[in-house]
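See structure below.
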Amino acid sequence: MGIRRTLKDIFKAIYTSVLLIRTWNWSRLFLCIIISCFIWSFQALNKDNYHSTINFPLVIDYERQDVVALEEPPQFISVQVSGSGWRLLQKTLGFGITPLQIEIEDPTKVKYFTAKSLMPDIVQQLSDVNVDFIAEDSIHLNYDSTITKQVFLFVDSSKISLEKGYRVVSPISLDPDSLVISGAASFVNLEPDSFEIVLNENNLDENYDEMVDIDYAPPRKVIFFPEGVQVKFDVDLYFKKTIPVRIKALNFPKDSSVYLARQLAIVEYDVRRANEMQPIPDSLYILADYKTSDMSDSTIVPIFSPPPFMENVRINPEKLILIFPKKASDRRRNRYRN
């Protein structure tokens, strides 16, 4: 019974408290709390001997314009200060602090400078507080000169995907024909002198004239121009053909002691569709010069000057055989004697 009565009294007290809390003026309560916090803060900030670390802003200024920062210079330096709470709060929020300008004639020749060298200027600006020390030992800089380089663009014709039988029949025109890159000299100098433009089209069977994006990924601190190039070239279909061509003997003995085994040879060649109907000249011939004969195998390498429309010319046979009738009869005569 005692436990039940105790629990009953507890629940009754809680219920009574809830009813009482509901009657409170919460707006006035919160206002009182806020005012109390302000009063406490004001009293606390009026005290001295507070310590704090503030981020003092820096600005690196230099005369040379043809430079670039490989690593961004620090924008702040950590300064340990002490003083009244109000002063430190102002400095922490940045009030009354002017960025410290550090003037350098040529930043590419300055790799670092000590933080202690900044102390006089910082103390002058923070005259209403005590400057205890600067957290950093030194400020490091990493600048480089900027240069511009011309990189020539090219298309490898052997990598162009063409329909079977088609070939590139004109010079490949690129407009512009070069890429201009500029930026940090240490990076630009490592870039190649030429850059390949790769065409994504497959099985081309017609003339090409398209703007192609330059898929160039420059290193950091380097920019390039332009972003695209106009690529233009012509293609045409090629056919294989064969024709018989007469052989013209030159510098052979007049006594017929040697002659060619054949009077005609087969010329195989490729011809583009635009020249398919070109007539074969009647005066066309293959030259066999006896002065160039190879007596080790009794042959002559034929000489042929094809018309311009014939491409990839091949002569069959590759060597012309010589016949020596007198030597053959002598061999037969000697064989009969034996």
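The values are calculated or read from the model by the stated rules, or taken from the named source; none is laboratory data. Keep in mind it's a predicted model, so treat the numbers as computed, not measured. A quick note on method: Cβ atoms are made from the backbone with ideal geometry, for glycine too, and the neighbour counts reach across all protein chains shown. With ligands, DNA and RNA removed, areas are computed over all heavy atoms of the protein, side chains included. Shrake-Rupley method; radii C 1.70, N 1.55, O 1.52, S 1.80 Å.
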| note | Flagged in the range 282-294 as outside any strand (DSSP E or B) and within 13 Å of Lys319 (Cβ to Cβ), in numbering order, are Thr292, Ser293
| note | Condition set within 15 Å of His140 (Cα to Cα) and acidic (Asp, Glu), scope the range 95-111, selection surrounded by the most Cβ atoms within 10 Å (Cβ to Cβ): answer is Asp106
| said: With the structure loaded, tell me whether Pro171 is surrounded by fewer than 13 Cβ atoms within 10 Å (Cβ to Cβ), part of a loop (DSSP other than H, G, I, E, B), more than 27 Å from the chain's Cα centre (by Cα) and of a type outside the set (Phe, Trp, Tyr) or whether it fails that test. | reply: no
| request: From the list Leu287, Leu237, pick out the single residue that is among the aliphatic types (A, V, I, L, M), within 17 Å of Gly165 (Cβ to Cβ) and surrounded by 14 or more Cβ atoms within 10 Å (Cβ to Cβ). | output: Leu237
| query | Do the conditions hold for Lys254, that is, is it basic (Lys, Arg) and touching a residue at least 12 places away in the same chain (Cβ under 8 Å)? | reply | no
| message | Step by step: first the residues of the range 155-212, then only those that are among the hydrophobic types (A, V, I, L, M, F, W, C) and touching a Ser or Thr at 6+ places or on another chain (Cβ under 6 Å), then the one that is nearest to Val222 (Cα to Cα). Which residue is that? | response | Ala185
| task | Would you check if there is a residue in the range 178-201 being within 21 Å of Arg273 (Cβ to Cβ) and open to solvent by 50 Å² or more (accessible area, probe 1.4 Å)? | result | yes
| task | Name the single residue, out of those in the range 134-168 being in a strand (DSSP E or B), among the hydrophobic types (A, V, I, L, M, F, W, C) and closer than 30 Å to Phe239 by Cα, that is nearest to the chain's Cα centre (by Cα). | result | Phe154
| query | Which of the following residues is of a type outside the set (Phe, Trp, Tyr), modelled with pLDDT under 90 and at negative phi: Lys254, Lys291, Lys319? | reply | Lys254
| Would you pick out the residues in the range 281-299 that are touching a residue at least 24 places away in the same chain (Cβ under 8 Å) and among the aliphatic types (A, V, I, L, M)? | Leu284, Ile286, Leu287, Ala288
| field | Verdict on Tyr166 being open to solvent by less than 30 Å² (accessible area, probe 1.4 Å) and touching a strand residue (DSSP E or B) at 6+ places or on another chain (Cβ under 8 Å) | value | no
| Residues that are farther than 26 Å from Ser127 by Cβ, part of a loop (DSSP other than H, G, I, E, B) and of a type outside the set (Lys, Arg), drawn from the range 95-115 | Glu105, Asp106, Val110
| remark: Residue pairs within 7 Å by beta carbon, gap of at least six or interchain, first lying in the range 191-209 and over 14 Å from Asp156 (Cα atoms), second open to solvent by 80 Å² or more (accessible area, probe 1.4 Å), listed first then second, are Asp193/Phe152; Tyr208/Lys232; Asp209/Lys232
| message | Of the residues Thr114, Thr92, only one is surrounded by 10 or more Cβ atoms within 10 Å (Cβ to Cβ), over 27 Å from Arg220 (Cβ atoms), at pLDDT 85 or above and not acidic (Asp, Glu); which? | response | Thr114
| remark: Subset of the range 239-281, residues farther than 20 Å from Lys319 by Cα and either in contact with a Gly (Cβ under 9 Å, 6 or more places away or on another chain) or among the charged types (D, E, K, R) (or both), comes to Phe239, Lys240, Lys241, Lys254, Asp255, Asp270, Arg272, Arg273, Glu276
| Can you tell me how many residues in the range 178-226 are in a loop (DSSP other than H, G, I, E, B) and under 11 Å from the mean Cα position of the chain (by Cα)? | 9
| field | Members of the range 295-328 found to be touching a Ser or Thr at 6+ places or on another chain (Cβ under 8 Å), assigned to a loop (DSSP other than H, G, I, E, B) and open to solvent by 60 Å² or more (accessible area, probe 1.4 Å), listed by number | value | Val301, Lys319
| field | Every pair of residues 6+ apart whose Cβ atoms lie under 8 Å, when the first sits in the range 154-183 and is at positive phi while the second is in a loop (DSSP other than H, G, I, E, B) and open to solvent by 40 Å² or more (accessible area, probe 1.4 Å) | value | Gly183/Pro218; Gly183/Lys221
